[in-house]
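For reference, the structure is listed below as structure tokens.
The values are calculated or read from the model by the stated rules, or taken from the named source; none is laboratory data. Predicted, not measured: the structure shown is a model, and the values here were computed from it. Glycine gets a Cβ as well: all are built from the backbone with ideal geometry, and neighbour counts include every protein chain shown. The protein model used for the area step is the full one, side chains on, heavy atoms only, and it has no ligands, DNA or RNA in it. Shrake-Rupley method; radii C 1.70, N 1.55, O 1.52, S 1.80 Å.
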Amino acid sequence: MTAVRMAAWQEPPRVTRIPVPEPGPGEVLIKVAGAGVCHSDLHVMDWPAGTLPYDLPFTLGHETAGRVHTLGPGTRNSGLREGDAVLVYGPWGCGVCPACARGAENYCRHAAELRAAGGGLGADGGMAEYMVVPSPRLLTPLGDLEPRTAAALADAALTPYHAVKRSLHRLVPGTAAVVIGIGGLGHMAVQLLKALSPADVVAVDTAPDKLDLAAGAGADHCVPAGADAAARIRDLTGGLGATLVLDCVGADATMATAAGAAAVESDITVVGLAGGTLPFRYGTLPWEAAVTIPYWGTRPELAEVVALARAGRIRPHVETHPLGEAVEVYRRLREGLVAGRAVLVPED
């Protein structure tokens with residue numbers, strides 16, 4: 001089968017042929033419908049050897065949807081049936097620690113002992129024709145959702161959902177929420193905020209087409225990124241600032257905007273992996289501004305995201321490409337030329 005493999009650090013992935021895997025005891029084989037191309041993959045590729053504990057090579061793709069193809073031994077009573085449309089939960093933990101037991105495998109207590117963070121992150125992921133998932137617990141039924149489009153829900157929607165959900169108690173009528181970076185996560189964050197809260201939503205990005213995407217997703221205001229972005233956000237909020245600033249980039253410049261735009265008693269939530277820093281000392285942030293860096297989301301939250309999508313409350317903006325175009329799609333993503341989420345699909 002065709003697969004997109006990470007074979008060396010600080011090099012582009014390789015499109016190659018590998019055998020179709022077979023599911024072992026407790027495992028499920030998925031026929032992949034689509035796998036999202038995420039900016040975090042670029043960070044993984046760029047890190048030097050030894051930064052991550054992953055063994056090379058492995059198949060990329062941590063944002064995957066498809067249909068159950070084969071149920072491995074011991075999974076017949078899982079509730080799954082061959083042909084079911086499913087979404088793969090991305091972070092794979094030990095499955096038995098207290099965090100995993102409540103579905104928060106993104107915060108598995110034994111994560112440091114594992115040599116992979118999930119399929120596409122050290123273990124073989126979904127950028128292939130087939131993918132082995134180690135347990136039925138890691139599969140969320142999609143119902144009537146189209147799997148190729150739904151693939152983006154596994155990260156591009158789940159990560160901002162988890163982040164936004166933490167701050168919903170603050171987002172009362174009359175407040176504002178800012179989303180910085182309208183890429184895969186950012187365009188979903190705008191939709192989630194409009195679906196879940198009464199707050200005015202302000203989108204910030206450097207690219208006019210990304211701001212157009214945000215407006216189409218429901219943003220109330222669109223602000224070009226730059227040195228005056230925080231001041232413009234304060235003007236829009238009557239000088240108060242934003243109750244939630246969700247930074248989907250995480251660079252020095254975007255974190256500075258986040259700090260400058262935040263209100264008293266606000267949340268500054270960073271989900272972008274650009275490696276920036278935020279000075280934290282007396283006078284650099286408003287009173288009782290909390291800074292947090294959440295990671296991904298929980299299995300129950302993924303089911304909630306799917307429910308929102310099935311109800312028509314959120315919809316990923318997706319462009320699809322054949323698996324064979326993976327290297328070119330990653331190049332376009334690095335250059336900021338992808339609108340919403342690119343999804344790689346196996347050829348029939």
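Summary table
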| item | result |
| --- | --- |
| Members of the range 217-243 found to be in a helix (DSSP H, G or I) and either touching a residue at least 24 places away in the same chain (Cβ under 8 Å) or closer than 17 Å to Thr269 by Cβ (or both), listed by number | Ala217, Ala229, Ala230, Ala231, Ile233, Arg234, Leu236 |
| Asp235, sole failed condition from (1) among the acidic types (Asp, Glu); (2) surrounded by fewer than 13 Cβ atoms within 10 Å (Cβ to Cβ); (3) touching a helix residue (DSSP H, G or I) at 6+ places or on another chain (Cβ under 9 Å) | (3) |
| Residues located in the range 133-146, provided they are open to solvent by 10 Å² or more (accessible area, probe 1.4 Å) and touching a Gly at 6+ places or on another chain (Cβ under 8 Å) | Pro134, Ser135, Pro136, Arg137 |
| In the range 108-120, the residues that are crowded, with 17+ Cβ neighbours inside 10 Å and more than 20 Å from Leu56 (Cα to Cα) | Cys108 |
| Complete set of residues in the range 1-20 that are assigned to a loop (DSSP other than H, G, I, E, B) and open to solvent by 40 Å² or more (accessible area, probe 1.4 Å) | Trp9, Gln10, Glu11, Pro12, Pro19, Val20 |
| Only listed residue being free of Cβ contacts under 8 Å to residues at least 40 places away in the same chain and touching a helix residue (DSSP H, G or I) at 6+ places or on another chain (Cβ under 7 Å), chosen from Thr284, Thr320, Thr257 | Thr284 |
| Residue count, the range 309-342 (criterion: crowded, with 19+ Cβ neighbours inside 10 Å and outside any loop (DSSP other than H, G, I, E, B)) | 9 |
| Any chance Val305 is in a helix (DSSP H, G or I), open to solvent by 30 Å² or more (accessible area, probe 1.4 Å) and closer than 19 Å to Gly184 by Cβ | no |
| Residue under evaluation Ala176, criteria (1) open to solvent by less than 10 Å² (accessible area, probe 1.4 Å); (2) within 14 Å of the chain's Cα centre (by Cα), criterion not met | (2) |
| Of all residues making up the range 274-298, the number that are crowded, with 17+ Cβ neighbours inside 10 Å and under 13 Å from the mean Cα position of the chain (by Cα) | 4 |
| Matching residues, the range 69-107, being assigned to a loop (DSSP other than H, G, I, E, B), under 16 Å from Thr298 (Cβ atoms) and open to solvent by 40 Å² or more (accessible area, probe 1.4 Å) | Cys94, Val96, Arg102 |
| Some residue of the range 283-299 being modelled with pLDDT of 95 or more, within 25 Å of Pro13 (Cβ to Cβ) and not in a helix (DSSP H, G or I) | yes |
| Answer residue from the range 186-216, given it is of a type in the set (S, T, N, Q) and touching a Gly at 6+ places or on another chain (Cβ under 9 Å) and is most open to solvent (accessible area, probe 1.4 Å) among those | Thr206 |
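Condition check ((1) in a loop (DSSP other than H, G, I, E, B); (2) closer than 19 Å to Val202 by Cβ) across all residues:
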| site | (1), (2) |
| --- | --- |
| Arg137 | no, no |
| Leu153 | no, no |
| Val164 | no, yes |
| His169 | yes, no |
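Rundown of residues vs (1) in a loop (DSSP other than H, G, I, E, B); (2) open to solvent by 60 Å² or more (accessible area, probe 1.4 Å); (3) touching a residue at least 60 places away in the same chain (Cβ under 8 Å); (4) in contact with a Ser or Thr (Cβ under 9 Å, 6 or more places away or on another chain), yes/no style:
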{"site": "Pro23", "(1), (2), (3), (4)": "yes, no, yes, yes"}
{"site": "Ala33", "(1), (2), (3), (4)": "no, no, yes, yes"}
{"site": "Asp41", "(1), (2), (3), (4)": "no, no, yes, no"}
{"site": "Thr51", "(1), (2), (3), (4)": "yes, yes, no, no"}
{"site": "Asp55", "(1), (2), (3), (4)": "yes, yes, yes, no"}
{"site": "His62", "(1), (2), (3), (4)": "yes, no, yes, yes"}
{"site": "Arg67", "(1), (2), (3), (4)": "no, yes, yes, no"}
